[in-house]
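**Student:** Structure in structure tokens, see below.
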């Protein structure tokens with residue numbers, strides 16, 4: 001209704017003026033819904049792709065396990081084996097957590113909330129991948145290449161000689177550095193992927209894992225990194241996975 005001093009023409013103009021912000025708000029809400037639906041669809045495709053490729057890679061690696069292990073055993077020098085034992089010791093969870101805590105301390109001292117969040121996410125992903133890998137090792141009970149056993153998959157087993165699949169070293173290292181890749185982008189993150197690759201190689205050379213074990217470790221690490229990156233929301237506009245999306 002119009003107030004007494006208002007005219008009919010002014011009432012119509014006021015109604016039109018009031019309707020404009022409502023229409024703009026509705027358009028913005030519709031755009032947000034479309035964007036959310038697009039992001040959810042992209043996220044679903046990404047998860048499907050990662051899980052499918054991981055399963056396929058593990059399946060193919062299983063057929064190559066014996067031949068790859070034999071080739072490594074025949075072509076590895078004693079010096080290289082000693083070096084890779086050192087890499088394996090340094091590449092366990094203690095080394096990654098020490099590096100992560102140092103990075104967290106640096107970010108905190110520099111008062112960088114952005115990098116503090118990223119480094120904490122790296123530690124969380126590393127811990128998550130390590131836990132998942134440990135549970136998988138015990139539940140699956142696969143003997144290591146250095147173990148003489150007629151069994152290939154023994155089922156639940158707490159003995160370390162039957163904890164081959166997946167590689168825990170590879171899982172936690174790949175989770176740590178793939179999280180950095182997601183947050184910082186290809187240019188910063190890619191060079192650091194050499195570290196989990198080196199650690200995975202060391203685990204095969206010291207006869208602790210088969211090829212499929214380290215592939216399984218990579219799968220666990222990548223999935224853990226993606227999961228944590230979504231929950232902590234560390235992905236930026238120049239993130240590696242956002243650039244792949246574009």
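Just so it is clear, none of the values below were taken in a lab; they were calculated from the coordinates. Just so it is clear, the structure is predicted and the values come from calculations on it, not from any experiment. Here Cβ is always computed from backbone atoms with ideal geometry, including for glycine, and neighbour counts include all displayed protein chains.
**Student:** Could you line up 83, 176, 165 from fewest to most neighbouring Cβ atoms inside 10 Å?
**Tutor:** Lowest to highest Cβ neighbour count: 83, 165, 176.
**Student:** Relative contact order of the stretch 60-245, please, whole-number percent, based on alpha carbon pairs below 8 angstrom and at least 6 residues apart. Could the numbers behind the result be given before it?
**Tutor:** Working: 312 pairs, mean separation 52.2, N = 186.
After rounding, I find 28 percent.
**Student:** Tell me, what does the Kirkwood hydrodynamic radius of the stretch 34-165 come to in angstroms if you use every pair of distinct C-alpha atoms?
**Tutor:** Details: mean 1/r = 0.0539 Å⁻¹.
Result for the stretch 34-165 stands at 18.6 Å.
**Student:** Now for a different question. Exposure proxy check: 72, 51 ranked by fewest other beta carbons within 10 Å?
**Tutor:** In increasing order of surrounding Cβ atoms, one gets 51, 72.
**Student:** Quick one: order 65, 78, 213 by neighbouring beta-carbon count within 10 Å, fewest to most. Mind dumping the intermediate values first?
**Tutor:** Details: 65 18, 78 7, 213 31.
With the sparsest Cβ surroundings first, the list reads 78, 65, 213.
**Student:** To continue, here is another question. So what's the stretch 105-221 giving for Cα Rg divided by 2.2 N^0.38 Å, two decimals?
**Tutor:** Values: Rg = 16.1 Å, N = 117, 2.2 N^0.38 = 13.4 Å.
Output field value: 1.20.
**Student:** Taking the mean number of other Cβ atoms within 10 Å as a proxy for protection, how do you rank 55-62, 43-50, 218-225 from highest to lowest?
**Tutor:** Packing order, densest peptide first, comes out as 218-225, 55-62, 43-50.
**Student:** Something else now. So if I take the centroid of the Cα atoms in the stretch 155-194 and the same for the stretch 51-89, what is the distance between those two points in Å?
**Tutor:** 15
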